[in-house]
Amino acid sequence: MNDRLRGAGRGTTPPLGPAEHAQSLGAGVGAVILVEGVSDQVAVEALAVRRGRDLEADGVAVVPIGGATNIGRFLAGFGPQGLDLRLAGLCDAGEAVGFRRGLERAGLGPDLTPDRMASLGFHICHADLEDELIRSLGTATIERVIDGQGELGSFRTLQKQPAQRERTVEQQLHRFMGSRSGHKIQYARLLVDALDLDQVPRPLDRVLADV
């Protein structure tokens, strides 16, 4: 995958817009998976590897849009009114309305329900992708992954913080994933690599299968 695509949104580098992404796509790209951020991109690409797929050879690009509010611009750039590529996407539950409106404005269908969005290749996570992965893996497995990174002590320290003591372990893990810059990206691949392929979160599995 193009390094510019992979690096979009990291650190202080501004996320690429649709026109810049379009210039970066290879001539063989015929399908685009639109995701909110780079951690989602990493998760999708990691699952593709585990499923034995070569996305570049398949003509598929995974594009982080730099936040759900940008979905309309990317649909305009890549959809029927733009490059007219095959589209799929993944979004958090809290951003589903924005994605739905963007799809409708792009001419992909009126009055879209979640099921209709899914039929178009756009899938909604239960809360967000981290939540989906935490529920699929279970807390014990994720703690082993964290321990493998030498960060279990840091997680235990977070659990002892007053604001975290009354929260569930799942909620604490979710907070830990976002507690430091780059953490979500780091753990996206690690958690996907730890998945039993029979227990892949449905939205993640389906968005990859749709392209």
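The values are calculated or read from the model by the stated rules, or taken from the named source; none is laboratory data. These numbers come from a predicted model, not from an experiment. Note that each Cβ is placed from the backbone with ideal geometry, even for glycine, and that neighbours are counted across all protein chains shown.
Is it the case that some residue within the stretch 127-134 is among the charged types (D, E, K, R), touching a Pro at 6+ places or on another chain (Cβ under 6 Å) and under 18 Å from Glu36 (Cβ atoms)? Before you say what the answer is, go through the steps one by one.
Here is the first cut: in the stretch 127-134, the residues among the charged types (D, E, K, R) are 128, 130-132.
The next check asks that each one be touching a Pro at 6+ places or on another chain (Cβ under 6 Å); those that pass are 132.
Next cut, under 18 Å from Glu36 (Cβ atoms) only: 132.
Checked the stretch 127-134: at least one residue is among the charged types (D, E, K, R), touching a Pro at 6+ places or on another chain (Cβ under 6 Å) and under 18 Å from Glu36 (Cβ atoms).
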Could you please give the count of residues in the stretch 192-211 that are among the hydrophobic types (A, V, I, L, M, F, W, C), surrounded by fewer than 18 Cβ atoms within 10 Å (Cβ to Cβ) and not in a helix (DSSP H, G or I)? 1
Going by what's in this entry, would Gln81 be described as in the same structural domain as Leu55 (by TED's automatic domain parsing), farther than 18 Å from Asp40 by Cβ and of a type in the set (S, T, N, Q)? yes
Could you list, in sequence order, the residues of the stretch 110-168 that are assigned to a helix (DSSP H, G or I), of a type in the set (D, E, K, R) and over 23 Å from the mean Cα position of the chain (by Cα)? Asp147, Arg156
Members of the stretch 19-59 that are modelled with pLDDT under 70 and crowded, with 16+ Cβ neighbours inside 10 Å: His21, Ala22, Ser24
When you scan the stretch 169-188, how many residues do you find that are in contact (Cβ under 8 Å) with a residue 12 or more places away in the chain and either part of a loop (DSSP other than H, G, I, E, B) or touching a strand residue (DSSP E or B) at 6+ places or on another chain (Cβ under 9 Å) (or both)? 4
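Table: residues versus (1) among the small types (Gly, Ala, Ser); (2) more than 30 Å from Ala106 (Cα to Cα).
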{"position": "Met117", "(1), (2)": "no, no"}
{"position": "Phe122", "(1), (2)": "no, no"}
{"position": "His126", "(1), (2)": "no, no"}
{"position": "Glu132", "(1), (2)": "no, no"}
{"position": "Asp147", "(1), (2)": "no, yes"}
{"position": "Lys160", "(1), (2)": "no, yes"}
{"position": "Ala163", "(1), (2)": "yes, yes"}
{"position": "Glu166", "(1), (2)": "no, yes"}
Whether any residue in the stretch 77-92 is aromatic (Phe, Trp, Tyr) and at pLDDT 95 or above is what I want to check. no
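Residues that are farther than 21 Å from Leu25 by Cα and in a helix (DSSP H, G or I): does the stretch 72-93 have at least one? Walk me through how you get there before you give the answer.
As a first pass, look at the stretch 72-93 and keep what is farther than 21 Å from Leu25 by Cα: 91-93.
Next, from what is left, pick out any that are in a helix (DSSP H, G or I): 93.
Checked the stretch 72-93: at least one residue is farther than 21 Å from Leu25 by Cα and in a helix (DSSP H, G or I).
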